[in-house]
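Novice: What follows is a structure written as structure tokens; I'll ask about it next.
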Amino acid sequence: MWKFLISHWRDGVEILLLAACIYQIYRTFRATRGAQILVGLITILVFLTLVSALFKFEVIQWIITRAAAVLAFALIVIFQPELRNGLARLGSNRLFSFYSKRQLDFLERFADAVINLSKKRIGALFAIQRDISLKEQLDTGVMLDARFSPELAMAVFHPKAPLHDGGMIIAEDRVAGAACVFPVTEREMQDRSTGLRHRAAIGLTERSDAVAVVVSEETGGISICENGILLRNLSEKQFREKLADIFFSGTPTHEPEPVKQLDRKDPLAPSGDRDLVSR
């Protein structure tokens, strides 16, 4: 066994590297329109290869062989958005990120604001920028530079406010802009009740590493979206726990306080505010 390991350890390393690459490709292409195209191309290629090998179709074999090089360049063009997004995600490593007291305080205020909007059933769309810049979306709205607060969020997303349409972008715990237009996902939604805000949250997080939070105007439901995966109708506790899980997963183990800080009740609005509906 020892001799076998010594003589074949390179094979094991090679298998691990290939498995890691395949997994990263899967993470990049999953739940995207590019994944459907890729599956279609692979299906056609495998089918033609099997048919040509079975029936000895020399012309088809010749075409497949000659088209292989051209197909490689075509895939780069077809999957350019997915490849760009995947490389951007690969270059952003949050494993060793450190969250200061200032950032912890921001997440507390943010959770309070979202829950307060939910209780008043005021529709809202937030995007918390992380490593990948959201300047492209920021340029579509009104640029701001303000300290985030529940009162500011309420003023921006009030139905009669001039900036309530669109999304609010938060960068480095400050409001960078409001009334921003986010890209809507091209994925087909099985749930027909998925509104435009939720589709925009999915679309934005498919193209960046941002975290999007949606408050439904009709139901007051809270949703959070990361990497194109939408979690809907979260309770207050579930929302705070999910925020903690996303932003504190890389926090050192000797600082366990953040999760506890986010687990407190909303101090802004009494329980009766749930009956208040903005018209």
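Novice: Once amide H atoms are built 1.01 Å from N in the peptide plane, which residues 5 or more positions from GLY141, or in another chain, come under 5 Å H to H?
Specialist: Distant-sequence amide H within range of GLY141: VAL181.
Novice: Follow-up. Applying a 10 Å radius around every beta-carbon, put 158-169, 59-70, 194-205 in order of their mean neighbour count, most first.
Specialist: Most protected by this proxy first, the peptides run 194-205, 158-169, 59-70.
We did not get these values from a lab; they are worked out from the coordinates using the rules stated. Everything quoted here is computed from the prediction, not taken from an experiment. Don't worry about glycine lacking a Cβ; one is built from the backbone with ideal geometry, like all the others, and counts go over all protein chains shown.
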